[in-house]
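> Once you've had a glance at the structure underneath, I'll fire off some questions.
Just so you know, all these numbers are worked out from the coordinates, no wet-lab data involved. Note that the structure is a prediction, hence the values are computed from the model and not measured.
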Ligand code: AVJ
């Protein structure tokens, strides 16, 4: 059995993280990057979200992938290096490696520790498949380091499921997808397999981001505990209320944390007052339509696109050839 190779590129720099967070928290409309939702507890709460009756995104995507695996195998290159972006527990890609005849697997996540165990388990299921774990924050664009020693002649499949692309504004998404297009390299047949949640009934979208059990609320509020650890602030969870709203003009669900009353938050070297009802904007989840997302892929440099959707057009999986 081969052993996975692990590389941690970017060791998180506490001072830079605190500076970035405090910059957003001090803005007139306070905001934070959604990546801070995923500390250890946040990642578990997100896994619980994917099991909620109101949140069918993950299930619908899994069903699409399962149903269309044979067809996908006809469009995607065999013998490719699969690069799994935000691999987490490596489950989604793990189901495809065999049927798609992958020749190499690279699990990318913000922290290599998140993929270490999952990759070890996956290696047992695919003893002969070369695997690597890469820890890097690719939210500003993907750069595949020389340390991976990727073969320029081997086709690459970049795998970005789960509609994580929805966190980006359309402008950011364009820049990000351009970086993915570059990362596809030059081997013929390479491309991007990406899952995208589609625009649907606003009432359903609102419920998906504000479920009856309050799991999404806990996920959002947990951000405050994470921020307290990262910057030494004194956010009190009970002072805040989770809220989700559909912004039709921008075709996105927004998550906010709303101050229940006028309050003050302090941190070493600073503070901020929040009026009653003032919010911290914690996440955007853009909802695309098939033609506009296909156009975005083309604008990012991809040459042709193939799309699989469910009958109700709730979710789409695109294969975009580089
Ligand atoms: C992981 C970004 C795809 O936007 O649906 C779920 C995160 N936030 N519920 C999404 C999330 C609240 C999720 N993504």
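> Per 10 Å bin from zero, what fraction in whole % of the C-alpha pairs of segment 86-160 is there, up to the bin with the longest pair?
18, 55, 26, 1
> While we're looking at this one, here's another question. May I ask for the Kirkwood hydrodynamic radius of segment 82-122, worked out over all distinct Cα pairs and given in angstroms to one decimal?
Over segment 82-122, the inverse of the mean reciprocal pair distance is 10.1 Å.
> Compute the helix-to-body angle for 14-26: its Cα long axis versus the longest principal axis of the chain, expressed 0 to 90° and rounded to tens.
60 degrees
> If you consider only alpha-carbon coordinates, what radius of gyration and Dmax does segment 150-225 have, in Å?
In order Rg, Dmax, the Cα atoms of segment 150-225 give 17.3, 50 Å.
> For the chain, what does the helix formula give at 222 nm: sum of -39500 (n - 2.57) over DSSP H segments with n ≥ 4, over the residue count, nearest 500 deg cm²/dmol?
Counting only the DSSP helices, I get -11000 deg cm²/dmol.
> Specify the angular offset, from 0 to 90 degrees and rounded to the nearest 10, of the alpha carbon long axis of helix 215-231 from the longest principal axis of the alpha carbons in the chain.
For 215-231 against the chain, the angle is about 80 degrees.
> If you don't mind, another one. Give me the Debye-computed log₁₀ of I(q)/I(0) at q = 0.11 Å⁻¹ for segment 100-228, equal point scatterers on Cα only, no solvent, two decimals.
For the requested q values the scattering log ratios are -0.54.
> If you don't mind, another one. Send over the per residue convex hull volume for segment 193-322, Cα only, as a whole number of Å³.
Values: hull volume 19.8 nm³, N = 130.
Looking at segment 193-322, the number lands at 152 Å³ per residue.
> Would you work out the relative contact order for segment 165-322, in percent, from Cα pairs under 8 angstrom that are 6 or more residues apart?
About 31 percent, as a whole number.
> For segment 1-160, what is Rg from Cα atoms divided by 2.2 N^0.38 Å, rounded to two decimals?
Normalised by 2.2 N^0.38 Å, the Cα Rg of segment 1-160 equals 1.15.
> Please report the projected area of the chain's Cα convex hull averaged over all directions, in nm².
If I average the Cα hull's projected area over directions, I get 16.0 nm².
> What number, in percent, do you get for the relative contact order of the chain if the mean sequence gap of Cα pairs under 8 Å and at least 6 apart is divided by its residue count?
Answer for the chain is 21 percent.
> What is the spread of the Cα atoms of segment 1-72 along each of their three principal axes, largest first, in whole Å?
Principal extents (Cα only, largest first): 49, 41, 24 Å.
> Related question: Could you tell me the relative contact order of segment 11-113? Use alpha-carbon pairs under 8 Å, at least six residues apart, and round to a whole percent. Could the numbers behind the result be given before it?
Values: 68 pairs, mean separation 19.5, N = 103.
Relative contact order here is 19 percent.
> Roughly what angle does helix 40-49 make with the longest principal axis of the chain, taking Cα atoms, 0 to 90 degrees, to the nearest 10?
80 degrees
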